[in-house]
Amino acid sequence: MKTGAVLRFFALSLALLLPSAARAGDAPAIAAASDLQFALTEVAASFKAKTGREVRLAFGSSGNFFRQIGQGAPFEMFLSADEEFVQRLDDAGLTEDEGVLYAVGRIVLIAPHGSPLAGDGTLGDLAAALEDGRLKKFAIANPEHAPYGQRAEEALRHAGLWDAIKDRLVYGENVSQAAQFALSGNAQGGIVAWSLALAPEVAARGAHAPIPETMHKPLRQRMALLKDAGETARHFHTFMQEDEARAIMQRYGFVLPGETM
């Protein structure tokens, strides 16, 4: 896929389909962390094929969705990249229960073809590139509200690179936008979700290497039905835990403890 096509895909995928005027009988709106954009789109298609029911997927940063849901946005289900946001909504009485863990996410270093950066998940080559001037810009999601950005910052701090790299960072509003920046020539690379790097549309544009989980806190990803969720949202919540959906999620690196890809 050429760069322009990648950018168009991300632009379409990241448009927030906020259900500002939901009507009875509409497909329920699902708020989903942007690292899910490829996997969950495929899951939703399988759900429709199996049940005839549709859901509307809105992709963005978990922190922004947390705020929107707290302000009354009419979502019926929330899939967060950080379980803390679901737990806080549960504490506030906005979810039906504490939710269900649906994955433990991973971060990767990604570099577009032709980049001076090597695919080194230990961040050793990134350190060298900072020293020898190869690195000009590097993309991560905004750590202020995006869990994948927070884990990227933690990994960079663990490697002792944060102070040296922070003035060269390009921040995506969410991890999908960070991937867009990393692949579109705005940066020499970035730290993004493994699930995005595994998507064929992204894998064709660059190389990636997983960053050791010891370099950051776990990305425990949790989903929950929100108060007043309708029948279709409940069916989708159940479908997400069934073998068909789990197989799709696993192909994109979304595994649970004890699972393998």
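Please treat every number below as a calculation from the coordinates, not as lab data. On a predicted model such as this, the values are computed, not experimentally measured, just so you know. Every residue, glycine as well, gets a Cβ built from its backbone with ideal geometry; the counts of neighbours run over all protein chains shown.
Annotations for the structure displayed:
- Angle between the chain longest axis and helix 37-51 axis [Cα atoms, degrees, rounded to 10]: 30 degrees
- Inverse mean reciprocal Cα-Cα distance (Kirkwood Rh) of the chain, Å: 18.5 Å
- For the chain, the antiparallel share of DSSP beta bridges with both residues in that region comes to about 60%.
- Paramagnetic reach from Arg251 in the range 192-207 [backbone N under 13 Å; point 7 Å along Cα→Cβ]: 198-201
- For the range 134-182: relative contact order, % (alpha-carbon pairs under 8 angstrom, 6 or more apart): 49 percent
- Nearest 10 degrees, 0 to 90: helix 3-14 Cα axis against the chain principal axis: 40 degrees
- Projecting the Cα atoms of Ile165, Ala92, Leu226 onto the dipole axis of the chain, where Lys and Arg carry +1 and Asp and Glu carry -1 at the beta carbon, places Ile165 farthest toward the positive end.
- Fully extending the segment from Asp91 to Gln71, taken as 0.36 nm per residue of separation minus the present Cα-Cα distance, adds 5.7 nm.
- Dipole in debye (nearest 20) - the chain, about Cα centre, beta carbon charges: Lys, Arg +1; Asp, Glu -1: 740 debye
- The distance between label points at Lys217 and Thr260 comes to 3.1 nm (points 7 Å beyond Cα on the Cα→Cβ vector).
- Net length gained if the chain between Lys48 and Glu144 were fully extended (0.36 nm per residue, minus Cα distance): 31.1 nm
- Extension gain (nm, one decimal) between Asp163 and Thr41, 0.36 nm per residue minus Cα-Cα: 40.2 nm
- Contact order normalised by residue count of the range 105-215, Cα under 8 Å, 6+ apart, percent: 43 percent
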